[in-house]
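K.L.:
Below is one structure. I have some questions about it.
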Amino acid sequence: MAVSAELFATKGIGPTTVRDIGEAAGVFSGSLYHYFRSKNAIVDAVLARFMDDIGSRFQAAVTRAGSPVAVVRALINETLLVIDDHPHPTKMYQNDRQYLRDNGLLERVDSASRAMRGFWLTAIRAGIADGSFRADIPPEVFYRSLRDTLWATMHWPNRSRYSTPEFAELISTLFFDGFVVNHP
């Protein structure tokens, strides 16, 4: 599955064939059909494992974090760790959404994504309720801005200059404290 994910991420899901996967993995492509009924079944398995890991990490982060601010900070850190640990499935999901949609593979991933969204919005709404977060910015706006920033960082060329915890702290500071020196 790791070889498949790398090929899908670098070559694209559509252009990658089962033969390509077999050659890269050092097995006959026909042997793969004993484990997966099609290329799309491999794609589905790679993305299912990816989404399951995100869900487990987010659940653990929420369980150990405590306050809404600590939960959001933990979710920031876990998202960046997921990108580090799963670069190929991350790239597949971001770059081949149309292929996933056209081949009936997006619904399961989107369903898992909606569950992940719930972790974020629950923490953000709890933070608004307890006064930790501003009430004048809709939770969805804050969530989407933060989510899109985090996932886009996989394309940033200088992200590797920072360890993941350092980078998570920079992103947390930016979103929580802003970039203005003298707050009004």
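K.L.:
If I filter region 70-88 for residues that are assigned to a loop (DSSP other than H, G, I, E, B), touching a Phe, Trp or Tyr at 6+ places or on another chain (Cβ under 8 Å) and either open to solvent by less than 60 Å² (accessible area, probe 1.4 Å) or under 23 Å from Ser163 (Cα atoms) (or both), do I get at least one hit?
P.N.:
yes
K.L.:
Just give me the residues in region 99-113 being open to solvent by 60 Å² or more (accessible area, probe 1.4 Å), charged (D, E, K, R) and either at positive phi or within 16 Å of the chain's Cα centre (by Cα) (or both), in sequence order.
P.N.:
Once the filter is applied, which keeps residues that are open to solvent by 60 Å² or more (accessible area, probe 1.4 Å), charged (D, E, K, R) and either at positive phi or within 16 Å of the chain's Cα centre (by Cα) (or both), region 99-113 yields Glu107, Arg108.
K.L.:
Conditions first: (1) part of a helix (DSSP H, G or I); (2) crowded, with 19+ Cβ neighbours inside 10 Å. Ile13 passes all but one, so which condition is the exception?
P.N.:
Of the numbered conditions (1) part of a helix (DSSP H, G or I); (2) crowded, with 19+ Cβ neighbours inside 10 Å, the odd one out for Ile13 is (1).
K.L.:
Looking only at residues that are closer than 22 Å to Trp151 by Cβ and β-branched (Val, Ile, Thr) in region 17-63, which one is most open to solvent (accessible area, probe 1.4 Å)?
P.N.:
Among those residues, the one meeting the criterion is Val62.
K.L.:
Ok, one more. Could you grab me the full set of residues in region 130-161 that are open to solvent by less than 80 Å² (accessible area, probe 1.4 Å), of a type in the set (Ser, Thr, Tyr) and free of Cβ contacts under 8 Å to residues at least 40 places away in the same chain?
P.N.:
Tyr143, Ser145, Thr149 - these are the residues of region 130-161 that are open to solvent by less than 80 Å² (accessible area, probe 1.4 Å), of a type in the set (Ser, Thr, Tyr) and free of Cβ contacts under 8 Å to residues at least 40 places away in the same chain.
K.L.:
Next question. With Gly66, Gly30, Gly22 as the choices, which residue is on the phi > 0 side of the Ramachandran plot and modelled with pLDDT under 95?
P.N.:
None of the others qualify; the one that does is Gly66.
K.L.:
So which residues in region 21-55 are among the polar types (S, T, N, Q), under 27 Å from the mean Cα position of the chain (by Cα) and in a helix (DSSP H, G or I), if there are any at all?
P.N.:
Asn40
K.L.:
A further question follows. Does Pro139 fit the bill of being modelled with pLDDT of 95 or more and either over 16 Å from the mean Cα position of the chain (by Cα) or of a type in the set (Asp, Glu) (or both)?
P.N.:
Answer is yes for this residue.
K.L.:
Let me spell it out: the conditions are (1) assigned to a loop (DSSP other than H, G, I, E, B); (2) under 30 Å from Asp177 (Cα atoms), and Arg117 meets all of them except one. Which number is the exception?
P.N.:
(1)
The values are calculated or read from the model by the stated rules, or taken from the named source; none is laboratory data. Quantities reported herein were computed from a predicted structural model and do not represent experimental measurements. All Cβ positions, even for glycine, are placed from backbone atoms using ideal geometry, and neighbour counts span all protein chains on display. Please note that ligands, DNA and RNA were not included when accessible areas were found on the heavy atoms of the full protein model with its side chains. Shrake-Rupley method; radii C 1.70, N 1.55, O 1.52, S 1.80 Å.
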